[in-house]
């Protein structure tokens with residue numbers, strides 16, 4: 001049965017009420033470490049919890065209003081729909097060219113970044129799922145690991161344990177941060193204002209500015225690289241579900257001695 005919706009259309013003759021048929025539905029694909037788990041029983045349990053009347057808090061994110069105003073546009077140069085690209089601190093280094101990808105159901109670290117952080121392959125845990133690029137090509141997953149990651153501005157910071165999928169694929173970005181960590185720390189990104197805001201445990205708002213030079217640089221590098229990956233789609237792996245835990249805010253001065261560009 002075809003669904004019909006009514007919409008108003010503006011024309012030279014005034015406003016018309018049109019009947020537009022809906023022939024089907026198009027949904028999105030999700031997986032990875034979000035969605036409640038990897039097995040059918042875990043998915044059913046997650047669905048029951050979502051439909052439950054009583055909703056319990058799953059983390060300790062303070063109840064802080066995150067608002068973007070005209071003041072956030074100050075210093076932002078006119079841009080052509082640039083993404084939000086920030087820097088974070090993890091494994092004792094400041095990592096630049098971190099893409100905020102709200103469409104990703106996984107947090108991704110590229111193999112080149114893994115090596116720059118001087119991490120050991122022994123730290124990787126097996127990952128049995130599949131990961132695909134936007135073009136549908138299979139991306140090699142070397143494993144996953146958990147790292148404390150700090151988000152900070154000039155005033156305050158917030159640190160959380162992030163579970164990264166480590167993939168062996170070329171990319172102009174060092175990491176892709178998706179919905180798992182963004183939801184956990186309560187972060188909201190605005191591509192218009194080119195900023196990301198999140199609450200600190202002290203009740204203040206952390207505002208991280210996007211470096212407007214980085215998106216253009218990454219776009220050019222992705223055009224040069226063969227098979228460069230900037231968007232990924234995950235399929236759920238087998239294994240035990242993981243729930244990241246937040247941690248109190250900490251200073252970024254000590255671990256930020258080195259940087260990853």
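Answer yes or no: is there a residue in segment 214-223 that is at pLDDT 65 or above, closer than 28 Å to residue 67 by Cα, within 16 Å of the chain's Cα centre (by Cα) and outside any loop (DSSP other than H, G, I, E, B).
No; the residues of segment 214-223 include none that is at pLDDT 65 or above, closer than 28 Å to residue 67 by Cα, within 16 Å of the chain's Cα centre (by Cα) and outside any loop (DSSP other than H, G, I, E, B).
Among the residues of segment 105-117, which ones are under 17 Å from residue 168 (Cα atoms) and touching a residue at least 12 places away in the same chain (Cβ under 8 Å)?
106, 107, 108, 109, 110, 111, 112, 113, 114, 116, 117, listed by residue number.
Scan segment 105-160 residue by residue and report those that are under 29 Å from residue 203 (Cα atoms) and in a loop (DSSP other than H, G, I, E, B).
Scanning segment 105-160 gives 105, 106, 153, 154, 155, 156.
Of the residues 177, 201, only one is modelled with pLDDT of 60 or more and surrounded by fewer than 22 Cβ atoms within 10 Å (Cβ to Cβ); which?
Going through 177, 201 in turn, the sole match is 201.
Please enumerate the residues belonging to segment 140-168 that are out of contact with any helix residue (DSSP H, G or I) (no Cβ under 7 Å at 6 or more places or on another chain), surrounded by 14 or more Cβ atoms within 10 Å (Cβ to Cβ) and more than 28 Å from residue 188 (Cβ to Cβ).
141, 143
Under 15 Å from residue 176 (Cα atoms) and either surrounded by fewer than 18 Cβ atoms within 10 Å (Cβ to Cβ) or at pLDDT 95 or above (or both): is that true of residue 43 in this structure?
No.
If you scan segment 60-73, which residues turn out to be closer than 14 Å to residue 191 by Cα and either exposed (fewer than 10 other Cβ atoms within 10 Å of the Cβ) or under 20 Å from the mean Cα position of the chain (by Cα) (or both)?
67, 68, 69, 70
Quickly run through segment 118-133 and pick out the residues that are crowded, with 16+ Cβ neighbours inside 10 Å and touching a residue at least 40 places away in the same chain (Cβ under 8 Å).
124, 127, 129, 131, 132, 133
The values are calculated or read from the model by the stated rules, or taken from the named source; none is laboratory data. Nothing here was measured: the structure is a model prediction, and the numbers come from that model. Note that we place each Cβ from the backbone using ideal geometry, even for glycine, and neighbour counts take in every protein chain shown.
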